[in-house]
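*Asks:* Starting off with a structure, shown below.
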Amino acid sequence: MIDILLLLILLVCAIFAVFMRDLLSAVIILGVYSFIMATVFTKLNAVDVAFTEASVGAGITSVLMIAALSRAKRYEYHYTKEQRKRPSALFLKIMSLFFVIITGAVLVYGTIDMPTFGDPEAPASKHVSPRYIEESYHETGVKNFVTAVLASYRGYDTLGETTVIFTAGISVILLLRRWKKD
């Protein structure tokens with residue numbers, strides 16, 4: 001029952017964020033969406049992913065978006081009827097819809113032959129997980145094998161993710177800083 005409730009909350013947040021004219025409200029709703037997704041990941045026992053979603057999705061991204069809004073207009077620009085009827089605007093809408101449908105179809109196609117969630121016969125459960133569980137302490141010296149996987153085996157990946165987030169933060173700060181006029 002809680003899964004259906006979380007899904008409904010996510011759906012409502014997504015719909016409200018799309019139709020919101022106040023951009024600050026949309027950013028706040030998307031922060032709530034990320035926090036609910038962190039709850040979903042926790043329920044799926046993916047605590048490391050939940051922590052990342054909560055800190056990056058709900059935390060850093062919301063702060064950076066609010067900082068960007070401080071330099072932009074808060075409300076969405078309203079086009080006139082003549083501007084909305086231009087052929088170029090209609091073409092852009094149709095192309096956007098086309099790319100969304102194609103991307104969705106590719107994502108659905110990519111998940112067709114995936115094993116079911118928690119399947120003990122899945123390759124990851126039969127080959128990868130046992131090796132990490134049995135050998136991680138001997139190879140890394142870390143008692144918690146989840147920490148060993150994240151810090152030792154995926155250390156460069158985690159460093160890369162941290163570098164991307166740091167670079168994005170610095171870029172936003174540089175773009176938003178106010179230049180003094182001489």
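*Asks:* In a loop (DSSP other than H, G, I, E, B) and either in contact (Cβ under 8 Å) with a residue 24 or more places away in the chain or not polar (S, T, N, Q) (or both): which single residue out of D157, D119 fits that description?
*Replies:* Numbers: D157 fails: in a loop (DSSP other than H, G, I, E, B).
After applying the criteria, what remains is D119.
*Asks:* Further question on the same structure: Could you check, for region 133-140, whether at least one of its residues is surrounded by 10 or more Cβ atoms within 10 Å (Cβ to Cβ), out of contact with any helix residue (DSSP H, G or I) (no Cβ under 8 Å at 6 or more places or on another chain), modelled with pLDDT of 85 or more and farther than 30 Å from I28 by Cα?
*Replies:* Looking through region 133-140, at least one residue is surrounded by 10 or more Cβ atoms within 10 Å (Cβ to Cβ), out of contact with any helix residue (DSSP H, G or I) (no Cβ under 8 Å at 6 or more places or on another chain), modelled with pLDDT of 85 or more and farther than 30 Å from I28 by Cα.
*Asks:* Taking region 1-44, which residues are within 28 Å of K73 (Cα to Cα) and not in a helix (DSSP H, G or I)?
*Replies:* M20, R21, D22, listed by residue number.
*Asks:* In region 56-114, what count of residues is obtained for those that are part of a loop (DSSP other than H, G, I, E, B), modelled with pLDDT of 85 or more and under 29 Å from G169 (Cα atoms)?
*Replies:* 0
*Asks:* Hey, another quick one. Considering region 115-132 alone, what residues qualify as being β-branched (V, I, T) and either exposed (fewer than 10 other Cβ atoms within 10 Å of the Cβ) or modelled with pLDDT of 85 or more (or both)? Step through it out loud before you land on a result.
*Replies:* To start, the set of residues in region 115-132 that are β-branched (V, I, T) comprises 116, 128.
Matches in region 115-132: T116 only.
The values are calculated or read from the model by the stated rules, or taken from the named source; none is laboratory data. If you're wondering where the values come from, they're calculated on a predicted model, not measured in any experiment. As a convention, Cβ positions derive from the backbone with ideal geometry for all residues, glycine included, and neighbour counts pool all protein chains shown.
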